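The values are calculated or read from the model by the stated rules, or taken from the named source; none is laboratory data. In this text, all values refer to a predicted model and were calculated from it rather than measured experimentally. No Cβ is skipped: glycine too gets one built from the backbone with ideal geometry, and neighbour counts run over all protein chains shown.
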């Protein structure tokens, strides 16, 4: 046990998005022994966002630019970020064991900053044409559809942002939305209503993706009339929401009905010493500014726990 306690971390931060990187900066300033585990690249999902314009002090900035700024900040502080995927967490009486695809870490506390992944619509043809016409990231794959016809499925902020972004690349953009009004913030709605090459299909759902080897058409059904029509498209972008990245946690952590992690106002879960920050937790607002705040709150409270 003595050897273990000499090699135990104060905190393991799982996830290198805005919440995780914010936690890392605060942990560094507190001179804690810690490491950030990120299975992809630091910066998180914001790197896939075309524009952000509500982060105080930065004004309008691309998601990639913000991700680069955040990553540079932690790199300048010599913060250790290991490229590893966490497989499970074991909770012992006085410490936790974080097992990755490469090794195990013993730690007093854990900060879960694993974010969320795009949700699938689960319509016929979706799996078949994923990567062959169906995408979940407009900023990643939009350039493929220069002067082509695409559709975006959804009506929230992400869907409208994707449609606006794609309108600058594609010849024509259909926005397929199941309701008769958008859920996106008013500023985004005002922008998209002014774009000539965007057509909104109200009260409509994507019933199936059709094609041969590659996607060729979107089969759309009107919810009110039940009429179906086929639309010739080269690409479909799914923007129908997100699911939390919590699959590795098992049942030791408390979740809400949607699978988001429940925390108190200090971002601590039902397990002492385990915190959840950013998009993965049950929270009213999921934005970069709240994710960064969560990271600061969690580490500040975590120091009291230690």
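Are there any helices (runs of 4 or more DSSP H) wholly within segment 92-196 with 2 or more residues that are in contact with a strand residue (DSSP E or B) (Cβ under 7 Å, 6 or more places away or on another chain) and buried (at least 22 other Cβ atoms within 10 Å of the Cβ), and if so which? Give the steps one after another, and end with the answer.
On the way: elements: 126-129, 138-141, 157-167, 186-192.
The helices (runs of 4 or more DSSP H) meeting that bar are 157-167.
Only one of 290, 300 is assigned by TED's automatic domain parsing to the domain that holds residue 89, free of Cβ contacts under 8 Å to residues at least 24 places away in the same chain, assigned to a helix (DSSP H, G or I) and surrounded by fewer than 24 Cβ atoms within 10 Å (Cβ to Cβ). Can you tell me which?
Values: 300 fails: free of Cβ contacts under 8 Å to residues at least 24 places away in the same chain.
Residue meeting the stated conditions: 290.
Residue 271 fails exactly one of the following numbered conditions: (1) part of a loop (DSSP other than H, G, I, E, B); (2) under 29 Å from residue 159 (Cβ atoms). What is the number of that condition?
Among (1) part of a loop (DSSP other than H, G, I, E, B); (2) under 29 Å from residue 159 (Cβ atoms), the lone unmet condition for residue 271 is (2).
Report, ordered by the first and then the second residue, all pairs with beta carbons closer than 9 Å, sequence separation of six or more or different chains, a first member in segment 145-159 that is over 11 Å from residue 133 (Cβ atoms) and assigned by TED's automatic domain parsing to the domain that holds residue 214, and a second member that is in a helix (DSSP H, G or I) and at pLDDT below 95.
Close Cβ pairs (under 9 Å, with a partner that is in a helix (DSSP H, G or I) and at pLDDT below 95) amount to 152/138; 158/138.
Could you list, in sequence order, the residues of segment 207-248 that are surrounded by fewer than 17 Cβ atoms within 10 Å (Cβ to Cβ), more than 19 Å from the chain's Cα centre (by Cα) and not in a strand (DSSP E or B)?
Within segment 207-248, 212, 213, 214, 223, 224, 225, 226, 227 meet the criteria.
Residue under question is residue 282, and the condition is that it be in the same structural domain as residue 48 (by TED's automatic domain parsing), surrounded by 14 or more Cβ atoms within 10 Å (Cβ to Cβ), on the phi < 0 side of the Ramachandran plot and in contact (Cβ under 8 Å) with a residue 60 or more places away in the chain; does it hold?
Values: in the same structural domain as residue 48 (by TED's automatic domain parsing): yes; surrounded by 14 or more Cβ atoms within 10 Å (Cβ to Cβ): yes; on the phi < 0 side of the Ramachandran plot: yes; in contact (Cβ under 8 Å) with a residue 60 or more places away in the chain: no.
Here the answer is no, as residue 282 does not meet what is asked.
Quick check on my filter: what residues within segment 62-91 are touching a helix residue (DSSP H, G or I) at 6+ places or on another chain (Cβ under 9 Å) and crowded, with 16+ Cβ neighbours inside 10 Å?
Listed by number, the residues that qualify are 63, 66, 67, 70, 71, 74, 79, 81, 86, 89.
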